[in-house]
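In what follows, a structure is listed as C-alpha cells, so that the remarks can point back to it.
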Amino acid sequence: MIYANVVNMKSEEFELRDPTKSHENAEQLILNIAQNNCRESYKLLFTQFAPKIKSFMIGQGAKANEAEDIAQDAMLKVWRKAQLFDPKKAKASTWIFTIARNLQIDTIRKQKRQDRFNNEIQAESYEADTSEKMISEQSASQVKEVIKQLPQEQLQVLKLSFYEDLSHSQIAQSLSIPVGTVKSRLRLALGRLKAVKSIFGEF
Amino acid sequence: MNPQAIAHHLDDEIIWDFVCHKLEFGENLIVRTHISLCAECAKTLAVFEAAGGELLNDINGIEMNDDALDLALARIELKDVEIPKAKPSKSEAFGFDLPATLSGIEIKNRHFLGPNVWIAPIEEGKNKSQTYLLWIKGGQDILPHTHTKREMTLVLSGGFKDGDNSYNAGDFVVCDDSISHAPIMLADEDCLCLVYQDGPIKPQTILGHLLKPFARI
C-alpha cells in the first residue's frame, strides 16, 4: 500500500501548524459567525487568515495593495457566506482558500478586461466549490499527514508550484535541477496526495 | 451522459495547475467542464484543494495595513447589496445543449473547416492560442495530423477511435506535437468537442495538404 510507505518517510524540517493549538478553532469561529453574527469571532478569523491570503496573493504576483484588497474582499465573503460553510465537508482553511482563489480569478480577469467572458461562470463555480465537492474531516487530516510526511525535495517543489507564480522551468532554474526532475517530484507528491482518495474511497 | 463511462481522465498535474490557478482561460474551461461531468476527477480536485488549504494555513502571513481590521469590521456592517445575478441561459451549439459550465459563454459564429467539419470559436488567447467547439459529422474521416505544442480536447457528444483507444462523451485527451494520428469518427453519431490549443489552428499538416486532392477535402 502506497500510504504505508508515505508514513514511514519522515521529514523533520517541515511542520504544519495546527490552528487549534495556537488559535481558536477556525471552523468554530465560522460557525459562530453563521449562527450569531459573532463579531469577536470574525476579528479572530480575520487576524488569522487575512495576512495569509495577502501573502499568498503576493506570491501569485499581485501588488501589495491588490493583495490587501483581495484579502479584505475574501474575508468579507467569508462573513457573508458563513451559513454555507459545513465543517463536515471542508476545513476552514480549504474553504477560505477556494473563496480567495475564486476572487483572485475574478479580479485578475477584470484587470485583463476579460469580463466579457461572463462572471456568472465564476459565481456558479463558487457555489459548487463551497457546497459539494469537499472532502471529509477524516480525509482532510490524512491530506495534512501526507504533506507532513512528504520527502523534503517533493514538498519543496509542491510549495513552489503552489505559492509562487512560476512555471516548471522557472522552478527548475531556481533550484538548479532539470525540468524533468521538477516534473517527476511534483508527480510523486501529487500521487501520494491522491492516494488519500483511494484509501478512503468515499468522502 | 453516463459519468461511469468516462474512461479518459485529467492528469494529476493538470488538476494541480487548476488548483494553483495556472491554466489559460480555455484550459480552465475544459478542466472545469470535465470535472463537472466526472466524479473521479472531482474527488482528486477535492483532495488537491484540501492540500491547498493546508499549504495556505502553513504560509507565513504578511501584515495587513494598520487600519485593516477596522475597515473589515466596518464593511461587515454594510448591507450586502449585491444584485443577484440572473442564471445564465443554457448555451447551445450545433444543436447540442452544452454543459452548465459553458452556460453564458460567448460562442462566435461557426465557420467551415472542411467538408463535414465546422468550428465555432470561443476565444483567442495569449500567443494565438485558440479555444473552440469542433463539430464533425459522424463517419467523417480525419486526415493524419499533428498538433501544436499542447492541445486539450474534451468530448461533449459522440466520439471517435484513435488507434486502440475509444473516446466518448466526457472523455478528456491531451496531445502534443510528438503525436501524429488519424482519429476515426463514430459512424452513426455526430461528434462535438471542446478544444484548446496553444497555437493557431492548422487544420491540416503539409501531409494533409498533399493528400487533399485524393481525399475529397
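The values are calculated or read from the model by the stated rules, or taken from the named source; none is laboratory data. Model, not experiment: these values are computed from the prediction. When we count neighbours, we look across all protein chains shown, and the Cβ atoms used for this are built from the backbone with ideal geometry, even at glycine.
Screening A:I99 with (1) in contact with a helix residue (DSSP H, G or I) (Cβ under 7 Å, 6 or more places away or on another chain); (2) in contact (Cβ under 8 Å) with a residue 24 or more places away in the chain; (3) facing another protein chain (nearest Cβ under 9 Å) gives one miss only, at (3).
Residue-by-condition table, conditions (1) over 27 Å from B:L37 (Cα atoms); (2) assigned to a helix (DSSP H, G or I); (3) within 7 Å of chain B (Cβ to nearest Cβ); (4) at pLDDT below 95:
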| residue | (1), (2), (3), (4) |
| --- | --- |
| A:V143 | no, yes, yes, yes |
| A:F162 | no, yes, yes, yes |
| A:D165 | yes, no, no, yes |
| A:E202 | no, no, no, yes |
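Determine whether the stretch B:126-140 contains at least one residue that is at pLDDT 90 or above, of a type outside the set (A, V, I, L, M, F, W, C) and part of a strand (DSSP E or B). Among the residues of the stretch B:126-140, at least one is at pLDDT 90 or above, of a type outside the set (A, V, I, L, M, F, W, C) and part of a strand (DSSP E or B), which makes the answer yes. Looking across A:K88, A:K81, one residue alone is farther than 30 Å from B:Y132 by Cα, at pLDDT below 90 and among the basic types (K, R). It is A:K88.
Taking only the stretch B:62-75 into account, find how many residues are of a type in the set (A, V, I, L, M, F, W, C) and farther than 16 Å from A:K77 by Cα.
Residues in the stretch B:62-75 being of a type in the set (A, V, I, L, M, F, W, C) and farther than 16 Å from A:K77 by Cα: 2 in total.
If you filter the stretch B:76-99 down to residues that are surrounded by fewer than 17 Cβ atoms within 10 Å (Cβ to Cβ), within 24 Å of A:L76 (Cβ to Cβ) and out of contact with any Asp or Glu (no Cβ under 9 Å at 6 or more places or on another chain), you find that the one that is modelled with the highest pLDDT is B:E77.
Tell me the residue from A:A62, A:A67 that is more than 23 Å from A:N25 (Cα to Cα), surrounded by fewer than 22 Cβ atoms within 10 Å (Cβ to Cβ) and touching a residue at least 12 places away in the same chain (Cβ under 8 Å), please.
Working: A:A67 fails: surrounded by fewer than 22 Cβ atoms within 10 Å (Cβ to Cβ).
Result: A:A62 is the single residue among A:A62, A:A67 that is more than 23 Å from A:N25 (Cα to Cα), surrounded by fewer than 22 Cβ atoms within 10 Å (Cβ to Cβ) and touching a residue at least 12 places away in the same chain (Cβ under 8 Å).
You will find that of B:G139, B:G159, the residue that is free of Cβ contacts under 8 Å to residues at least 60 places away in the same chain and touching a Ser or Thr at 6+ places or on another chain (Cβ under 7 Å) is B:G159 and no other. Looking at A:I33, A:I70, just one residue is among the hydrophobic types (A, V, I, L, M, F, W, C), within 19 Å of B:R75 (Cβ to Cβ), outside any loop (DSSP other than H, G, I, E, B) and modelled with pLDDT under 95, and that residue is A:I70. Checking each residue in the stretch B:183-204 for being within 20 Å of B:K161 (Cα to Cα) and at pLDDT below 75 picks out B:P203, B:Q204.
For B:L71, state whether it is assigned to a helix (DSSP H, G or I) and surrounded by fewer than 19 Cβ atoms within 10 Å (Cβ to Cβ). Write out each step before concluding.
On the way: assigned to a helix (DSSP H, G or I): yes; surrounded by fewer than 19 Cβ atoms within 10 Å (Cβ to Cβ): yes.
Yes.
Restricting the stretch A:77-92 to residues that are in a helix (DSSP H, G or I) and in contact with an Asp or Glu (Cβ under 7 Å, 6 or more places away or on another chain), the residue that is farthest from the other protein chains (Cβ to nearest Cβ) is A:A92. Only a single item in (1) touching a Ser or Thr at 6+ places or on another chain (Cβ under 6 Å); (2) at pLDDT below 90 is not met by B:L23, and it is number (1).
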